[in-house]
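The values are calculated or read from the model by the stated rules, or taken from the named source; none is laboratory data. Treat the numbers as computed from the prediction; the structure is a model and nothing was measured. Counting neighbours? That spans all protein chains shown, and the Cβs are built from the backbone with ideal geometry, glycine included.
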Amino acid sequence: MILLFPDIDTFRLVLTGGFVPSDVLLAAATVAFGADGRISVESAAKLTKKATADLTRLGVLGTKRHLGPAAEVSCWPQILPVTRDAAPPQLSSQAPVLFELDSKDLPVLVGEMLRLGNDRQGVRWLTSDGDAADRRALLRVVGPPYYTLLRAIDPAAGGTATSVHAYVEHAPRVWVQIGYSHPFADQIKLADGQVLLVRPPRAWTYLPDGPFRDVYEVLNLKLPAAPIDWTEAPVRDKLAVPLRLVAGNAADAAELWVLRGDAVGQLDALARDADDRIVQRLKFAVAAGAGGETVVVLRVTASKLAAPVIPLTGAVGFRPYYKLQNLYIPAGSRLHPTLRRDAVRKLLADDADRLVWLYPKPDGTFAPESIPEDAFRPLEDWVDYVIETNHAPLAEWVDATRFDFEHYVCTDALSPKPPKGPDEEKGKGKRRGGKGDADDVPLTPATPGTKAPDASAASAPTSKVVAPTAQAKVPPSEWQVRRQALEDEFLAVEGPLDDPARLALWPQLAAANTGFGDLPEAALCWVNAMWEVDAPPREWVDGWVRSEFPNVDLPLPPALFEQHLKQADPSPVEMRRFAALLVWVAGQSPPPVWLRARLSAVQVHLEANEGKLPLRVVWLAAARVAALAGADTLGLARVRDRLLRRLLDDGGPKPERDLPTFLRYAGSKDTTRIRLVRDKVLGLHAQVRTWVDKSLRESTGTGGSVDRGATLAYVDLFFAFGLAKLGESELAKGLLTTAGQTLKGFTPETDLGVAAEYLYAALAYRIEEALAGRSHSGLLSPALVDELEQIRAKGQGQLNNPNALAYYSINRMREQFHILEPQEQLDPYGDWTGQGDEIKKALVALPRIKDPAVLARTIRELYRSAGDKAKAAPDARFVVLWDTLLLAARVGEAFTVELLGLVPEAMAASGTATGSDLTTKQGQLLERALFLAAHYDRRDLVRQLASQFADLVRAKPVEQRYEIVNVVAAQSLRSLRKLGLRDEVDKLFHALRDAILGGQTAAQLRDRYKHKTDTTTGLTGKNSWAKALQSLLNLAGAWLTFGAVEQAGPILDDARVELLGPAGDGVLPKIASPTESMALAKEYTATAQAYIAALGHGPAEDGLGRIAELFRYMDPKRVTNTYTTSKFYSRYHLNLVEETILAVVSDDFALGPAGRRWLDEDEFLVRRRVHRDMKARLKQSGL
């Protein structure tokens, strides 16, 4: 039966009104359209009598013939046409778009978007009815450039041979052409395994669902050697996107130079005429280029200093490519198109043991050239040789040390295969001596340590070292396949890193990496295999050494060990090889006699260079040395202290140094997460800066006058720090330069000029640390510390002295902002509050003490003085511990544990005191003590402190409970978790939750405060709710840290309503006066900070969207500033900006849950082994 609808509106009413059964609506049909607007429909399904009667009442009649030529549709909703949207399409930078196009046009679109900086692309190929010649491509792009979208929106834009259609997803797997809408697109539910493309007016195309191939996989495909029979075996065309060198930053400093022509003469002149300090910072390698040409490569050694300017005529200067330490590009150039860093590394510098540079050609192309890392020698070696001999035999020396050197042309964009070279090298070293640590009388009795025997230096060993047998020959491709299978098996295991199933895979992974030639990865796998075994099998140690020295004939000469021992400035690769040699030789039974005689020199060499080694390698080598030295418990304890200090300063293991590559990228293997964070930060900067500027303009009526230019410059510097942490060096440097122009433009010698100049230098130091890949920790540079002391000295003794005001504003920023001072806790009022109080005056001066022994002695004296009841306040000892506990880590473990033992007593003495400031300090002291006690594996203290925390919270009024929880919550839980204290984490978490909720739900807590006054504090219920909400957000951050997204969601939604609701409509009160505005601004800012901080612990996709939304809709008048420092900067605005930066550069965002989990578990395993070995050593020594 054919149904005749009078018009399209009647048909739409039938679809939406339930007049026809769903099985009929979803069945196939034929349809025809009349010129008068009528529609005839014939369904393949049969209508019921009731449905027919209902349709008749609506004016739908039956007919025997269609109105015209009939077309088939898959269901009735397809009959409705798609309509053009009234407004132009608005897509976010994270919105996926699906392009449908002829496969011949695919390279045009892919190459265009790569040139425009978008590589988030996936490709599928489809054919029509098996016709291989009729191939269509689907290209899925996240955030495509508008220029590319224009091809699909405007067919007249051209550029492709055929038409291009772009779609956006309206429902799962339902894609509608961009710029159009279908009334039922959001309600369509497809069958499993299908994708629907909807185009105007009624074109519905069903496709099989399937995975998209990353564009880089397509780019790596090789062109076929011969024409392909399309009917027999269709293959994908290779996308020809050539890499080129184009103009970059002209201010780039060269760190590597390649000398051709008279290379030897130029190097000779440089070594003869250059300053000794420059010569000491350079290394060189000599190689043979094409046609036997002698090539000299000159390189700056790793240092915190800026690269020196080298006067070389005709040399080509190169700089590192982002943070790839083994890939250099010409200074002042950049690669085009811009590719992901991991893609560039895979294409050009996949072998970490070879240094690669891209030698430029006149036409913009380049030739990758490489040389082994171990070919480099200190330039001082060249100097010594030229001085001690004449020039005649120089050519022979060059020839004798020639390394295999091949010239590569970038045709298929593949990295050059490293030729095999010798592993032995020559070098000179300098011995270093040390001085024992000063000691003092402890505050409580301490067990004296034993002193390490002083082994005298001996001559080079003369016996032979027996090496393991060579590995069986297996093709590298087979090793690669085997390695991939093992990595997949490792990641598939359910359980922690020390799960027995995973531990059994480490030796196999190490062997596979050795066979494949990935020696750094093999070394990490071998040490991971040995880490959980007290006495590793001999074949494992043999395997590690074999992976480090695959080409050295057996037996190994003892001179090889001596050669590595004498290297003055070894590279990380050279140090790793030395550690492998040491562990292997020390494991001989019995160890060679000459090794015992060289232990003193070995210890000095390890200590001087252990920062270049992974954490596990340092400890394995140090444990072998301690075992050979006999009862050298003190020496091993010092290594333990340095390792723990590294973990403290670096915030845990460094992924690039301590984790194998496959674990490092397990949390973000497709790099989508990292690119998402990077792209969002670029957009956030403009959005945040606009909001701050508008807020400063509109809120000036509530109080002090803020210098908008200075505040906005600090916003730029904070974002420069974030971009530097994310690897966007060029953008970070650009913001650094822009901010410098503003902050250096204030009148010198004024308070604003002095403060701006210093704060710019201090923040620039932190940004440069991030650009260099150094950890965000420790004090400012000695030069900056000295400069600040000079500002303080100039400001003493005068009222309204500009230096005094500048000094206060600088210290206030140091106290407030983690980016500037990541570890030190400062008191900006110290110079004033310490007047007349000798203890407080001494506490203010403590951070300026640099000698650890003097620092320890001073703290002990202060604590004893604070115990004199006749001269000190009742809580004086508590205040001393609060001020000094973080400083104790500078002295070492023994002294820190000594102070930790005093915390419970001091907390008990201060527990009955009241006051918001004291309550906050009690929470801070507990947080610091819990972290340090766990850091040094003092579980008894952790349990005692956690129990004391619960008692303290229960004894406090409700408002003060929130103060403590806001200080202790998130960081304490994260610290205890990554230290492996799972039981303590559980107990502390429940104590925090009970302290906040008191047995209620979050909704009940909100209702409790919404319409009443808190009789305990006298504050309105609305202000009490603000405090409670901040505590709930800390709880939400803890939930997100542990993956409990569902529990955190409602709290985040409540905070969002409070922060973004119109003033007066939410729970927070409306602004009424400057005084009330100040109180509101404080609570509003604190709530917004807690909201952003909580988001920083969760999934990046949701967190970034919420943060962007906050700055898009947050009322700029809600954040004001009337602090003393308002003349210099707006503190509240910068608090919000810094919280945003710390959230987006955190491991939670960058690595994701999986990557963060590996880091936390890895740190736990490192700590567990170190503490276990140390306890066993102390027990053996009777200490």
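Things worth noting here:
- Pairing each residue of segment 230-251 that is at pLDDT 55 or above with any residue that is surrounded by 12 or more Cβ atoms within 10 Å (Cβ to Cβ) and among the polar types (S, T, N, Q), provided the two are 6+ apart or on different chains, yields C-beta distances under 6 Å for L245/S333; G248/S333.
- From the list L606, L581, the one residue that fits, being of a type in the set (A, V, I, L, M), within 23 Å of D534 (Cα to Cα) and surrounded by 22 or more Cβ atoms within 10 Å (Cβ to Cβ), is L581.
- Residues that are more than 15 Å from P536 (Cα to Cα) and surrounded by 14 or more Cβ atoms within 10 Å (Cβ to Cβ) within segment 500-513 comprise R502, L509, A511, A512, N513, listed in sequence order.
- Any hit, segment 29-38, residues being crowded, with 17+ Cβ neighbours inside 10 Å, basic (K, R) and assigned to a loop (DSSP other than H, G, I, E, B): yes
- Restricting the first member to segment 348-373 and to residues that are at positive phi, and the second to residues that are assigned to a strand (DSSP E or B), the beta-carbon pairs closer than 7 Å and six or more apart or on different chains are G364/R244; G364/L245; G364/V246.
- All positions within segment 1074-1128 that are under 25 Å from G143 (Cβ atoms), modelled with pLDDT of 85 or more and in a loop (DSSP other than H, G, I, E, B): M1114
- Options A523, A579, A501, A529: the member that is at pLDDT 85 or above, in contact with a Gly (Cβ under 8 Å, 6 or more places away or on another chain) and under 27 Å from R1168 (Cβ atoms): A501
- Complete set of residues in segment 2-26 that are assigned to a loop (DSSP other than H, G, I, E, B) and under 21 Å from G68 (Cα atoms): P6, D7
- Any hit, segment 1010-1022, residues being outside any loop (DSSP other than H, G, I, E, B), at pLDDT 70 or above and touching a helix residue (DSSP H, G or I) at 6+ places or on another chain (Cβ under 8 Å): no
- Considering segment 267-309, the residues that are in contact with a Pro (Cβ under 7 Å, 6 or more places away or on another chain) and among the basic types (K, R) include one that is farthest from E768 (Cα to Cα), namely K283.
- Yes/no for L643 being crowded, with 19+ Cβ neighbours inside 10 Å, hydrophobic (A, V, I, L, M, F, W, C) and modelled with pLDDT under 80: no
- Any hit, segment 775-789, residues being more than 24 Å from A889 (Cα to Cα), hydrophobic (A, V, I, L, M, F, W, C) and at pLDDT 85 or above: no
- When the criteria are applied in full, L886 fails the requirement of being closer than 23 Å to A933 by Cβ and at pLDDT 80 or above.
The rows are residues; the columns are (1) at pLDDT 90 or above; (2) of a type in the set (G, A, S); (3) on the phi < 0 side of the Ramachandran plot; (4) outside the structural domain of V142 (by TED's automatic domain parsing).
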{"site": "D7", "(1), (2), (3), (4)": "yes, no, yes, yes"}
{"site": "L13", "(1), (2), (3), (4)": "no, no, yes, yes"}
{"site": "G18", "(1), (2), (3), (4)": "no, yes, no, yes"}
{"site": "A29", "(1), (2), (3), (4)": "yes, yes, yes, yes"}
{"site": "A35", "(1), (2), (3), (4)": "no, yes, yes, yes"}
{"site": "I39", "(1), (2), (3), (4)": "yes, no, yes, yes"}
{"site": "R57", "(1), (2), (3), (4)": "no, no, yes, yes"}
{"site": "V97", "(1), (2), (3), (4)": "yes, no, yes, no"}
{"site": "D105", "(1), (2), (3), (4)": "no, no, yes, no"}
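- Residue-level analysis places E789 among those that are farther than 30 Å from R340 by Cβ, out of contact with any Leu (no Cβ under 7 Å at 6 or more places or on another chain) and surrounded by fewer than 23 Cβ atoms within 10 Å (Cβ to Cβ).
- Within segment 1-25, the set of residues being under 60 Å from the mean Cα position of the chain (by Cα) and surrounded by 15 or more Cβ atoms within 10 Å (Cβ to Cβ) comprises I8, T10, F11, R12, V14, L15, F19, V20, P21, V24, L25.
- One residue stands out in segment 349-373 among those that are hydrophobic (A, V, I, L, M, F, W, C) and not in a strand (DSSP E or B): the one that is farthest from P520 (Cα to Cα), namely A349.
- Among the residues making up segment 284-341, those that are within 21 Å of R260 (Cα to Cα), touching a residue at least 60 places away in the same chain (Cβ under 8 Å) and among the aliphatic types (A, V, I, L, M) are A285, V286, A287, A288, A290, V295, V297, L298, I329, A331.
- Matching entry among L339, L327 (being of a type in the set (A, V, I, L, M), surrounded by 18 or more Cβ atoms within 10 Å (Cβ to Cβ) and more than 25 Å from Q567 (Cα to Cα)): L339
- The residues of segment 758-799 that are farther than 20 Å from F721 by Cα, of a type in the set (G, A, S) and not in a loop (DSSP other than H, G, I, E, B), listed by number, are A783, A793.
- Qualifying helices (runs of 4 or more DSSP H) (wholly inside segment 473-567; at least 2 residues being in contact with a Ser or Thr (Cβ under 8 Å, 6 or more places away or on another chain) and under 28 Å from A375 (Cα atoms)): 506-516, 519-531, 538-548
- If only residues of segment 47-68 that are assigned to a loop (DSSP other than H, G, I, E, B) and touching a helix residue (DSSP H, G or I) at 6+ places or on another chain (Cβ under 8 Å) are counted, the one that is nearest to L4 (Cα to Cα) is V60.
- Answer from E698, E757, E749 - the residue that is at pLDDT 90 or above and over 30 Å from A247 (Cβ atoms): E757
- Screening segment 581-658 for helices (runs of 4 or more DSSP H) wholly inside it with 2 or more residues that are basic (K, R) and within 28 Å of the chain's Cα centre (by Cα) returns the ranges 633-650.
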